[in-house]
1. Pairs of alpha-carbon atoms within less than 8 angstrom and 6+ residues apart define the contacts here; what relative contact order does chain B have, in percent?
2. Could you sort out which of B:K86/B:K191; B:K29/B:K141; B:K141/B:K191; A:K73/A:K104 sit more than 20 Å apart by Cα distance in this structure?
3. On C-alpha positions alone, give me the angle between the axis of helix B:151-161 and the longest principal axis of chain B, in degrees, nearest 10.
4. Where the only charges are on Cβ atoms (+1 Lys, Arg; -1 Asp, Glu), what is the dipole of chain B about its Cα centre, to the nearest 20 debye?
5. Counting Lys and Arg as +1 and Asp and Glu as -1, each charge on the Cβ, what is the dipole of region B:138-266 about the Cα centre in debye, to the nearest 20?
6. Sort B:Y258, B:Y234 by Cβ crowding within 10 Å, fewest neighbours at the top.
7. To the nearest 10 degrees, how steep is helix B:83-99 against the longest Cα principal axis of chain B, on a 0 to 90 scale?
8. Among B:Y258, B:T43, B:I94, whose Cα lies farthest out toward the positive end of the dipole of chain B, if unit charges sit on the beta carbon of Lys, Arg (+1) and Asp, Glu (-1)?
Amino acid sequence: MSKDYKKAVRNLEALLVNDSHMSVDDISRELADDGVDVKAFLARFDTVVRKGVQHQMRKQAEQEQQEAKSSLKQIFGDLRTKSREELRDLFEKVRQGLFGDHLKQAALARCCNFTGGEVSETELRSWLEDIAAVSEK
Amino acid sequence: MKPTKPLRTQGLSEVRLAECKAATQRPLKDLLVAHPEEIDLSTIAWRLGRLRIEEGGLETADGRIVVPAKSGGTIRVKAGLNTGRKRFTIAHEIGHFVLHPCEGLERNDTAGNFTIWNDANEEAEANIFAAELLMPEFLFKPRCRGPVPSLAVVETLARDFATSLLATAFQYVTHTNEQVALVLSQGNQIKWFHRSKEFWPWIRSGNVHPHSAAGERLAGKAADTKKMVRAPAYAWLTDFENDREHDIMEDSRYLDWYDRTVSLLWLKDDLSED
């Protein structure tokens, strides 16, 4: 195989721009004759494309999450400063529908697995944070 | 002595098992996953249902999912979990979202839920989903064929896939072509076992046998085996109670986080020969 990779790349480029008369096998053969490791090239190409697409997806997801986060309102006020009793009271109000039907539905649904005494203050607080996040959907 | 081959382990039906595994294909294909490190749970969760992942805010549970609508919600994981446990917990909650959709989905998952693989309920299904999402067959199977079975091999796989030892061991037994079985014990009690297709003997239930390496460890006579060691076949297998000739291989380790002992059994020698 030719070690002249620059030449091989030139040939590759030439083939890429004018390959209408050739089959895929023909192109592969010709590239191989010119020193291109077609299999390795395609594998690298595939990796580059895949990584690029994954990167785009990740960035898009991060951006959308950031936007969603920035649009959150503190419908329950500052949960960090509330006592356990206040948190329980808020939860009860949500359950009674004082914060709207959507949240009431969500709170009622949560009750199916709610085991009162076992939920700590921290968990109750994070639970309300998650309900608040849902309210903005 | 030539024991008869037992029925398959009780658990999820083959159809449901296949459904749980198949449900992982969409997110993996969507993300063009071709290597273990490309399984990005945060992106998968968001693209599947605008689920955001939060760490912390849990004390009495490892994970929680709050999804009052078909799209949009929060998966929470307990702070301080190691990478493998954290990823498995997130994948488990994604599994609930995909497999058990309902209005007002809310689940709290504790450590115990991750040890009920053979119970035909939603927790077991979410575990199957999580294992397949994190260790998809097309990536996992080629990697677990070849090396001599041991928990060290499982540990290497767990590192590659960033998964917990227990979850990886379960998947290893599912995909290897070796005659291996995974046994989980809680205290002195055998809780469940999972056998590879090639592992034909039936495993004892009830107490961990004192002559097994796991039994010796529980009795304080030995530490974790750290490799495959010989154990009398009667210590693990039914139909071998009166057999003093055959041994099997065993690698046992105590998992302090789960408070369980995991034992990997291997039929290195052919037990069916007289």
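1. 16
2. B:K86/B:K191; B:K141/B:K191
3. That helix lies at roughly 10 degrees to the long axis.
4. About 420 debye.
5. 320
6. Least to most surrounded, the residues fall as B:Y258, B:Y234.
7. The answer is roughly 70 degrees.
8. Selected residue: B:T43.
Only the coordinates and a few stated rules stand behind these numbers; no lab work does. What you are looking at is a predicted structure, and each value in this text was computed from that prediction instead of being measured. Cβ: placed from backbone, ideal geometry, glycine included. Neighbour counts: every protein chain shown.
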